[in-house]
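Student: Questions regarding the structure given below will be posed in turn.
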Amino acid sequence: MKKGIFITFEGIEGSGKTTQAKLLAERLKEQGLDVIKTFEPGDTQAGKKIREILLSPSINMNPLTELLLYFSDRVQHVEEKIKPAINQGIIVICDRFTDSTIAYQGYGRGLSVELIEEFNNILLGNFKPDLTILLDLPAEIGLSRNQRINKRDRFEMEDIDFHNKVRDGYLQIAKSDPERFFIVDATEDASEISQKIFDIVQTKINTK
Ligand code: TYD
C-alpha cells in the first residue's frame, strides 16, 4: 500500500495554524482523500495528562523537564497515532511537531538545539514531516490576536522577547531545511493563505 503524507503546521501563538490545519483537512476530504487531523501536545490518552502538566500556569518547571515531557507526548503520539495512519496511506495533518520544540525550548528557553536534535534522532530516528507549513508573523500581532480571545497558558504568559526568539528560531529552522518548509505570511487574508497552502499540498501529493 502507498504510504500517506505527514504534514505539519508551525508558528507562534495567534498565527492561525489551527484554523488553517482545519481548512486544509476539510478541502482534502472534499476531494475524497483519507485525512486525519491531530495536534501536539495532548492528542492521545497519555498525552492529555502530559498536556495538563505542560500548560498549567501554576506548575513551576525546569526547562529540561519541559523538554522531556514534550518528547514523551510526541513518542506516544507518533507510535500510537501518526505512524499507523501513515502506514495505512492516510494523510496526517498535525498542529505542531518537533520544530515547535526546537523553536520554543531551544530558541525560546535557550536549551541547546543540538541536544534537542540529538534527542529527536534517538527517539524518533529519521521520522519527520514530508512538508511543514510555517505561518509567519510578528510576535506583537500574534499575541494581540490571542489576547482578544483571552488565552493564558504557561506560554502565553511569556513576554514579547520570548515570542520574538521563537519566531526568529522558526525562520532559522526553515532556512536550514528549505525543501521541507513552506513559509506563509500569516498576516494575509485567511482564505488567501488557505488557497496557497492547498496548492502546495496538491503539488506534494502529485509528486509523491
Ligand atoms: P496550544 O494551546 O495547543 O497552543 P497553540 O494553539 O498555540 O498550538 O498550546 C501548546 C503550547 O505548547 C504552545 O504555546 C507551544 C507550546 N509547545 C512547546 O513549547 N514545545 C513543543 O514541542 C510543542 C509541541 C508545543
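The values are calculated or read from the model by the stated rules, or taken from the named source; none is laboratory data. Remember, predicted model here, so these are calculated numbers, not experimental data. With ideal geometry, Cβ positions are generated from the backbone for all residues, glycine too; neighbour counts draw on all protein chains shown. Each accessible area value is taken on the protein alone, full model and side chains, heavy atoms only, with ligands, DNA and RNA left out. Shrake-Rupley method; radii C 1.70, N 1.55, O 1.52, S 1.80 Å.
Student: Can you tell me which residue among Phe97, Phe119 is open to solvent by 50 Å² or more (accessible area, probe 1.4 Å) and within 14 Å of the ligand (Cβ to nearest atom)?
Tutor: Values: Phe97 fails: open to solvent by 50 Å² or more (accessible area, probe 1.4 Å).
Being open to solvent by 50 Å² or more (accessible area, probe 1.4 Å) and within 14 Å of the ligand (Cβ to nearest atom) holds for just one of Phe97, Phe119, which is Phe119.
Student: Find the helices (runs of 4 or more DSSP H) located wholly in the range 17-92 whose residues include 3 or more that are surrounded by 15 or more Cβ atoms within 10 Å (Cβ to Cβ) and touching a helix residue (DSSP H, G or I) at 6+ places or on another chain (Cβ under 7 Å), and list them.
Tutor: On the way: elements: 17-30, 45-55, 63-77, 83-87.
Here the list reads 17-30, 45-55, 63-77.
For (1) open to solvent by 70 Å² or more (accessible area, probe 1.4 Å); (2) aliphatic (A, V, I, L, M); (3) under 21 Å from Ile141 (Cα atoms); (4) in contact (Cβ under 8 Å) with a residue 40 or more places away in the chain, each residue gets a yes or a no:
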residue	(1), (2), (3), (4)
Arg167	no, no, yes, yes
Tyr170	no, no, yes, yes
Arg180	no, no, no, yes
Gln195	yes, no, no, no
Phe198	no, no, no, yes
Val201	no, yes, no, yes
Lys204	no, no, no, yes
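Student: Let me ask another. Return the pairs, sorted by first residue and then second, in which the second residue is assigned to a helix (DSSP H, G or I) and open to solvent by less than 30 Å² (accessible area, probe 1.4 Å), the first residue lies in the range 13-35 and is free of Cβ contacts under 8 Å to residues at least 60 places away in the same chain, the beta carbons are less than 7 Å apart, and the residues are 6+ apart or on different chains.
Tutor: Short answer, once both residue conditions are applied: Val35/Ala25; Val35/Leu28.
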